[in-house]
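A.B. asks: Sending over a structure as structure tokens; questions will come in a sec.
The values are calculated or read from the model by the stated rules, or taken from the named source; none is laboratory data. Everything quoted here is computed from the prediction, not taken from an experiment. Don't worry about glycine lacking a Cβ; one is built from the backbone with ideal geometry, like all the others, and counts go over all protein chains shown.
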Amino acid sequence: MEYEPGTKYAYCNSDYILLGYIIEQVSGKTYQEYLSENIFDPLGMTDTYYDSDETIIQNRASGYFKDGKIYKKAEFWSATIGYSAGGLLSSTIDLQKWQNGILSYKILKKELLDLAFTPYKLKDGTVINYGFGWNITEFNGIKRIDHGGAKNGFCTYEAYFPEQQLFMVLLFNSESAPRDELSIKVSEILLGKSLQKEIQLSDAVLNSYVGVYSLVSDPKRTITIRKEREGMSATISGQGSFSILFQSETKFQMKNLSDIKCEFKTTNGKVVSIIAEQQGIFEWSKIK
């Protein structure tokens with residue numbers, strides 16, 4: 001174990017694989033059988049399957065990736081690798097059936113769903129943006145419950161806005177699709193309101209943030225903060241550059257990446273680190 005349960009948070013597929021194993025041991029059925037008998041069949045999800053390279057599925061989509069300007073078929077990836085951390089095939093219509101089943105308490109009792117839809121509080125009182133299986137965040141006064149997924153050739157996203165009673169599903173058969181950008185743009189079209197607000201800061205404040213920050217748990221990874229003509233940017237090693245949108249004098253987001261929340265931390269008036277929350281809480285110390 002990496003830490004005492006309840007003291008930190010980090011998303012990990014291995015946990016979901018363990019849950020799948022527990023389901024099989026408790027039910028005496030395979031994971032596939034259990035899903036079909038307890039979720040897919042009762043909800044009428046006729047276009048949802050546990051993935052198999054042997055099953056013939058009508059209108060099954062192939063996955064692709066972009067190599068330069070050319071799309072190529074993605075490398076085969078067996079569903080047995082993901083097991084209960086993935087490996088499901090579905091459609092937008094079936095996922096709407098799933099959402100309706102969830103909200104009508106056909107899958108979970110209300111008290112369990114309320115727990116799943118509530119941000120978890122760690123033992124030290126820190127509230128994280130994850131419940132039991134969903135991200136729970138608020139942007140520009142709008143509550144969002146969402147999750148994304150990906151495998152070779154595919155990426156996916158779904159979001160539920162409880163106050164507006166809106167549910168959105170995005171399914172892409174290309175791992176190169178601009179999922180994060182489109183998830184925000186489509187959400188804003190549905191809501192008629194911007195998810196990512198931005199405030200303007202003085203040059204003095206912006207200049208104090210310029211520098212290079214290294215990840216405390218992996219110093220080889222860095223974030224370089226630069227002041228550009230039209231604002232600030234963050235270059236994350238191995239991930240590219242993103243424009244910064246400030247929500248307050250210290251808190252900010254990356255443009256079109258609403259699932260990550262960041263904050264500059266200061267000590268005695270000096271910027272010392274960035275605290276980033278995205279499927280876990282990570283600290284990046286200022287080194288330059």
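A.B. asks: Go through (1) closer than 30 Å to Ala61 by Cα; (2) touching a Ser or Thr at 6+ places or on another chain (Cβ under 8 Å); (3) free of Cβ contacts under 8 Å to residues at least 24 places away in the same chain one by one and return the number of the condition Ile244 breaks.
C.D. replies: Of the numbered conditions (1) closer than 30 Å to Ala61 by Cα; (2) touching a Ser or Thr at 6+ places or on another chain (Cβ under 8 Å); (3) free of Cβ contacts under 8 Å to residues at least 24 places away in the same chain, the odd one out for Ile244 is (1).
A.B. asks: Looking at this structure, is Gln253 in contact (Cβ under 8 Å) with a residue 40 or more places away in the chain and crowded, with 18+ Cβ neighbours inside 10 Å?
C.D. replies: The answer is yes for Gln253.
A.B. asks: Here is a follow-up. If Gly86 passes every condition in (1) closer than 30 Å to Phe246 by Cβ; (2) of a type in the set (Gly, Ala, Ser); (3) in contact with a Lys or Arg (Cβ under 7 Å, 6 or more places away or on another chain) but one, which one does it miss?
C.D. replies: Just one mismatch for Gly86, condition (1).
A.B. asks: Name the residue that is farthest from Trp98 (Cα to Cα), counting only residues in segment 24-43 that are surrounded by fewer than 14 Cβ atoms within 10 Å (Cβ to Cβ) and of a type in the set (Val, Ile, Thr).
C.D. replies: Val26
A.B. asks: Take the conditions under 24 Å from the mean Cα position of the chain (by Cα) and among the charged types (D, E, K, R) and apply them to Glu249. Does it pass?
C.D. replies: Criteria not met by Glu249.
A.B. asks: Residues that are within 30 Å of Glu37 (Cβ to Cβ) and of a type outside the set (Asp, Glu), at least 1 per element: which strands (runs of 3 or more DSSP E) completely within segment 48-142 meet that?
C.D. replies: Fully inside segment 48-142 and qualifying: 135-139.
A.B. asks: Yes or no: segment 171-191 includes at least one residue that is closer than 24 Å to Gly86 by Cβ, modelled with pLDDT of 95 or more, under 17 Å from the mean Cα position of the chain (by Cα) and in a strand (DSSP E or B).
C.D. replies: Yes; the residues of segment 171-191 include at least one that is closer than 24 Å to Gly86 by Cβ, modelled with pLDDT of 95 or more, under 17 Å from the mean Cα position of the chain (by Cα) and in a strand (DSSP E or B).
A.B. asks: Quick one: how many residues across segment 259-273 are part of a strand (DSSP E or B) and more than 20 Å from the chain's Cα centre (by Cα)? Reasoning before the result, please.
C.D. replies: Our first condition is that a residue be part of a strand (DSSP E or B); within segment 259-273, this holds for 259-267, 270-273.
Subsequent filtering for residues that are more than 20 Å from the chain's Cα centre (by Cα) retains 264-267, 270-273.
So the count comes out to 8.
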